[in-house]
Amino acid sequence: MSELDAEFAQAQEDVKKLTSRPSNDDLLSLYALFKQGSKGDVDGKKPGRFDMVNRAKYEAWEKKKGTSNDAAKQAYIDLVTKLLKG
C-alpha cells in the first residue's frame, strides 16, 4: 500500500469523527472525490430527475471525470483535513 493509499484510508476513518455535519456542498464533494479516487470515472445511467439525491451525487461525481485517482485521493484527504480543523 502506497503512502497516498494509507492517507486516503485514514481520511476515510477520520471523516467519521467530524463533530458537526458538513454542508451539502462539502458532502457532495466528499462523495465525488471518494468515488473518483476509489472507482475512477463515473459510469452507469444517470438517475432520473425525481431521484434528486442520487442524481446530485451522480452529477457531483461526473464533474470529477478525467481527474486521476491519485489527484482525487489527495483532494479528498485535503478536504477531510480542512473539515476536521473546522
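The values are calculated or read from the model by the stated rules, or taken from the named source; none is laboratory data. These figures come from a predicted structure and were not determined experimentally. Here Cβ is always computed from backbone atoms with ideal geometry, including for glycine, and neighbour counts include all displayed protein chains.
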What is the residue count in region 25-56 for residues that are out of contact with any Pro (no Cβ under 8 Å at 6 or more places or on another chain) and more than 15 Å from Leu79 (Cα to Cα)?
-> 17
Cβ-Cβ below 6 Å, separation at least six or inter-chain, first residue in region 43-57 and surrounded by 11 or more Cβ atoms within 10 Å (Cβ to Cβ), second of a type outside the set (D, E, K, R) and not in a loop (DSSP other than H, G, I, E, B): which pairs?
-> Lys46/Tyr58; Pro47/Asn54; Pro47/Tyr58; Lys57/Tyr31
Hits in region 13-29 - residues which are in contact (Cβ under 8 Å) with a residue 40 or more places away in the chain and part of a helix (DSSP H, G or I) = Asp14, Val15, Lys17, Asp26, Ser29
Hey, Leu4 hits all of (1) assigned to a helix (DSSP H, G or I); (2) surrounded by fewer than 12 Cβ atoms within 10 Å (Cβ to Cβ); (3) among the aliphatic types (A, V, I, L, M) but one; which does it fall short on?
-> (2)
Is it true that some residue in region 66-80 is within 20 Å of Asp5 (Cβ to Cβ) and among the acidic types (Asp, Glu)?
-> yes
Regarding Ala71, is this residue surrounded by fewer than 16 Cβ atoms within 10 Å (Cβ to Cβ) and within 25 Å of Lys85 (Cβ to Cβ)?
-> yes
When region 74-86 is examined, which residues are found to be loosely packed, with under 15 Cβ neighbours inside 10 Å, more than 12 Å from the chain's Cα centre (by Cα) and assigned to a helix (DSSP H, G or I)?
-> Thr81, Lys82, Leu84, Lys85
Which one is farthest from Lys17 (Cα to Cα) among residues in region 46-86 that are basic (Lys, Arg) and modelled with pLDDT of 95 or more?
-> Lys46
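Tell me whether region 48-56 contains one or more residues that are assigned to a helix (DSSP H, G or I) and in contact with a helix residue (DSSP H, G or I) (Cβ under 7 Å, 6 or more places away or on another chain).
yes
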